[in-house]
Amino acid sequence: MPMPLPSPPPPPEPPQLHGVVIITLPPPDQPSKGKTITAFTYTDEPGAGAPSPPHPHRGPPMAAAGREARRSRRAGSPRRAAAMVLALGALALAAYYSFYSDVAVQFLGMEEEEAQRERNETKSFLFQLYPKAHQGRGLREFGDIKLAAKRVDDGGRKVTKKLDVKGAASAGTNSTVLLPIKGNVFPDGQYYTSIFVGNPPRPYFLDVDTGSDLTWIQCDAPCTNCAKGPHPLYKPAKEKIVPPRDSLCQELQGDQNYCETCKQCDYEIEYADRSSSMGVLAKDDMHLIATNGGREKLDFVFGCAYDQQGQLLSSPAKTDGILGLSSAAISLPSQLASKGIISNVFGHCITRETNGGGYMFLGDDYVPRWGMTWAPIRGGPDNLYHTEAQKVNYGDQELHAGNSVQVIFDSGSSYTYLPEEMYKNLIDAIKEDSPSFVQDSSDTTLPLCWKADFSVRSFFKPLNLHFGRRWFVVPKTFTIVPDDYLIISDKGNVCLGLLNGTEINHGSTIIVGDVSLRGKLVVYDNERRQIGWANSECTKPQSQKGFPFFL
């Protein structure tokens, strides 16, 4: 009887291909960026290439069991363990970026996005902030609250005769544009930068104001009421006056004030400190130097202001007008963005140094890719930078109970204002913690000033605005340390730079002013509708490109 032939041995098992795929989804507000797919692959044998097509197998069941045993042994091999460590490390790195950034970093798309931005020739413009001369006057006399600007109709607070603008030729000297922001909270209460307007260009010092729509310059049209500024008044030529049919005029005035037969676009703005400015819109050349050395000249629409009232006339801060930085279409960032010169993003960084100063940028080249805390901008009837805090704490004590509270970031306000109830709770908490404080009622620098016979700063606590949590774990907090709300007066007293908002008719809103914006890089992103901040010394801006050092 013939012996049965032994079964042929099974073919060798082909190298197995394994892999990990990481998919990074696009930001919710920018689906056009698509998703990024990052793949890590490895095999059981070094040097193996793409997987071979599977071979049909007809061996007995025991052979399959043997393969399972061999596969189980390979699963515990050092090579596989190392590959798993590599894959887990990649996943941990992806989790790190997702955890510490409000928008997941697109690993492979980042450099491509950078190159695309350079191809589109997007530019950023850098300005520094300037300090102003000390005039020796009490701070309360000239602390500015340039917030919630509104139009004043002829039937409103006052009736002012509007002037017909007469043409005048402008003159000046050529100069450059790359300039610092300067200023201080005390004693001046304002920060300003310099822009160049006209042909040839002339410099003008303007208060940096995120709470104003319109940029305006004191103007000889002729001038009815103008403060003595550091530069000669702007002199508009007749052809530079903006007609009422201009879209920016209609946006500023509103439909109810449109005048078909008028030859000029009139405006009047009243500010929260009850000062006001009246004038007409003008359009002239603005000269800018980009941080990459490129030069830009654009038609810029601004206010030719010939009648100022209130603080705008009495302020000792020697400026020529206001730089409007709100989200309105007529603001400077929006005008630059509408012409494709920058993305609609800007930021400022105010130093804590005694002599003040800092810098401001237009464009997104100096926006950090990581380390920022972001809060969404809430829509409202105005163009201010509103966001919303869930709770407010002074140290461990909660000052606000109930619903969330609106917060406005306003670089045009010297101080920080709190809702009335929150302000009273804060004063009670300070008095309870430090009953030995002696108030100096003769010091009128601010409503509350204490004699500094000892180190009173150590008795104050941080004020924390809580904007929820990121990924349900990391708190999103804007922290105002004592140095960012205390002022040392000329008498050497410690004064509280947190004021009652009812003084400026904002009894239910927190207004974060210059005193609390110091020592932070603050970014206003009108494209993604968000406000971000990070602690900074504000000494030198850093261009944010590429990956962290460990990549």
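The values are calculated or read from the model by the stated rules, or taken from the named source; none is laboratory data. Only a predicted model underlies this, so the values are computations on that prediction, with no experimental measurement involved. In this analysis, Cβ positions are derived from the backbone assuming ideal geometry, glycine residues included, and neighbour counts consider all displayed protein chains. All accessible areas refer to the heavy atoms of the entire protein, side chains included, with ligands and DNA or RNA removed. Shrake-Rupley method; radii C 1.70, N 1.55, O 1.52, S 1.80 Å.
Just so you know, in region 468-480 the residues that are among the hydrophobic types (A, V, I, L, M, F, W, C) and modelled with pLDDT of 95 or more include one that is farthest from Leu517 (Cα to Cα), and it is Phe478. The residues of region 246-297 that are basic (Lys, Arg) and more than 29 Å from the chain's Cα centre (by Cα) amount to a single one, Lys263.
Where strands (runs of 3 or more DSSP E) sit wholly within region 255-366, those with at least 3 residues that are under 27 Å from Pro243 (Cα atoms) occupy 266-270, 276-289, 295-309, 321-324. Considering only residues in region 168-213 that are of a type in the set (Phe, Trp, Tyr) and within 30 Å of Ser516 (Cβ to Cβ), the one that is modelled with the lowest pLDDT turns out to be Phe186.
Residues in region 308-323 that are surrounded by 23 or more Cβ atoms within 10 Å (Cβ to Cβ) and in contact with a Pro (Cβ under 9 Å, 6 or more places away or on another chain): Thr319, Asp320. Of the residues that sit in region 367-392 and are open to solvent by less than 40 Å² (accessible area, probe 1.4 Å) and assigned to a loop (DSSP other than H, G, I, E, B), which one is farthest from Phe409 (Cα to Cα)? The qualifying residue farthest from Phe409 (Cα to Cα) is Pro368.
For region 432-466, a tally of residues being closer than 27 Å to Thr477 by Cα and in contact with a Phe, Trp or Tyr (Cβ under 7 Å, 6 or more places away or on another chain) returns 6. When restricted to residues that are part of a strand (DSSP E or B) and either among the polar types (S, T, N, Q) or closer than 15 Å to Ile408 by Cβ (or both), region 516-533 contains 5. For Ser414, the requirement of being closer than 26 Å to His348 by Cα, small (Gly, Ala, Ser), open to solvent by less than 80 Å² (accessible area, probe 1.4 Å) and in the same structural domain as Leu465 (by the TED database) is met.
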